[in-house]
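A.B. asks: Quick one: the structure is below, questions incoming.
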Amino acid sequence: MIDALLRPPETRVDYLADAVRALSVLSVVAALVLLGPVETALFLLVLLGLLVSRSLSVLPGFDTVYGLVLLTAAWSSVADLYARISWWDLAVHCASTGVLAVVAYFLLVQFGAVPAIRRPHRASRSLPVVVPLLVLSLGLGMSVLWEIGEWWGNTYVDARIHVGYVDTMTDLAAGGLGALVGGLCLGFAVRRSGALLNAPAPHRTGR
């Protein structure tokens, strides 16, 4: 993972993903200078998430989408878009939980806990179904932790963080939907990976 994290970009996709990472660094600096400690901590978490994705072997282009979604979620909080646009909170929950669940899956792949989708694997009719279910489970679990974090933030950090039964349940539903979509996309990648069964494993899949 360390070697992948430190490897210089090689393709346009790699450079684009690193440009998004550079935006996250600038966001941290802007929060530190212009905003406050809570916003700075938020963007530091985003930067950490983008560094994790760089150290993993994810699908080409996904790293860029992942970074943009996390940055959008963070800046939406800073700009108070969740309060200004009624449906924005659910949209961001759906997208962010979806990409985070996919990254969690690739993190488990890194440690050999689940099958990789772009490496040779034994033929399995169930794998295209198992992968979406795993990603969905990861997304639902992360959604629960997210809601606990919102409650903690409302109680101990900032009372403006909106919590409540309806908000929590709709957030969980949106997060589950996003994780399901992400899992189905990975399931489609598993079905396509049959063409790679006799191909050598790539040295770097990109992002």
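The values are calculated or read from the model by the stated rules, or taken from the named source; none is laboratory data. Computed from a predicted model, the values in this text were never measured in an experiment. Backbone-built Cβ (ideal geometry, glycine too); neighbour counts: all protein chains shown. Remember, those area values only see protein heavy atoms, side chains included, never the ligands or the DNA or RNA. Shrake-Rupley method; radii C 1.70, N 1.55, O 1.52, S 1.80 Å.
To keep it simple, each residue is scored yes or no on (1) of a type in the set (D, E, K, R); (2) outside any helix (DSSP H, G or I); (3) open to solvent by less than 20 Å² (accessible area, probe 1.4 Å); (4) at pLDDT below 80.
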{"position": "Trp151", "(1), (2), (3), (4)": "no, no, no, no"}
{"position": "Thr155", "(1), (2), (3), (4)": "no, no, no, yes"}
{"position": "Asp158", "(1), (2), (3), (4)": "yes, yes, no, yes"}
{"position": "Ile161", "(1), (2), (3), (4)": "no, yes, no, yes"}
{"position": "Ser193", "(1), (2), (3), (4)": "no, no, yes, yes"}
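A.B. asks: Further question: What pairs come out if I take residues in segment 125-136 that are over 18 Å from Ala104 (Cβ atoms) and pair them with residues that are outside any loop (DSSP other than H, G, I, E, B) and among the β-branched types (Val, Ile, Thr) whose C-beta lies under 6 Å away, six or more apart or interchain?
C.D. replies: Going by the 6 Å Cβ cut-off, the qualifying pairs are Pro128/Val190.
A.B. asks: If you take the residues in segment 61-85 that are farther than 16 Å from Tyr15 by Cβ and aromatic (Phe, Trp, Tyr), which one is most open to solvent (accessible area, probe 1.4 Å)? Talk me through it step by step, then tell me what you get.
C.D. replies: Step one: filter segment 61-85 for residues farther than 16 Å from Tyr15 by Cβ, giving 69-85.
Going one step further and asking which of them are aromatic (Phe, Trp, Tyr), we end up with 75, 82.
Values: Trp75: 99, Tyr82: 69 Å².
Among those residues, the one meeting the criterion is Trp75.
A.B. asks: Continuing with the same structure: Among the aliphatic types (A, V, I, L, M), surrounded by 15 or more Cβ atoms within 10 Å (Cβ to Cβ) and on the phi < 0 side of the Ramachandran plot: is that true of Val52 in this structure?
C.D. replies: Criteria met by Val52.
A.B. asks: If you don't mind, there's one more thing I want to ask. Residue pairs, Cβ under 6 Å, 6 or more apart or interchain, first in segment 7-26 and farther than 13 Å from Gly61 by Cβ, second open to solvent by less than 70 Å² (accessible area, probe 1.4 Å) and of a type in the set (Val, Ile, Thr). List them.
C.D. replies: As it stands, the answer is Ser24/Val46, since those pairs meet every condition given.
A.B. asks: Return the only residue of Leu32, Leu133 being in a helix (DSSP H, G or I), surrounded by fewer than 17 Cβ atoms within 10 Å (Cβ to Cβ), modelled with pLDDT of 90 or more and out of contact with any helix residue (DSSP H, G or I) (no Cβ under 6 Å at 6 or more places or on another chain). Give the steps one after another, and end with the answer.
C.D. replies: Numbers: Leu32 fails: out of contact with any helix residue (DSSP H, G or I) (no Cβ under 6 Å at 6 or more places or on another chain).
Only one candidate passes the filter, namely Leu133.
A.B. asks: Something else: Considering only segment 15-42, state which residues are farther than 16 Å from Ser76 by Cβ and more than 18 Å from the chain's Cα centre (by Cα).
C.D. replies: Tyr15, Leu26, Val28, Val29, Leu32, Val33, Leu34, Gly36, Pro37, Thr40
A.B. asks: For Arg118, which of the numbered conditions (1) at pLDDT below 75; (2) surrounded by fewer than 18 Cβ atoms within 10 Å (Cβ to Cβ) fails to hold?
C.D. replies: Of the numbered conditions (1) at pLDDT below 75; (2) surrounded by fewer than 18 Cβ atoms within 10 Å (Cβ to Cβ), the odd one out for Arg118 is (2).
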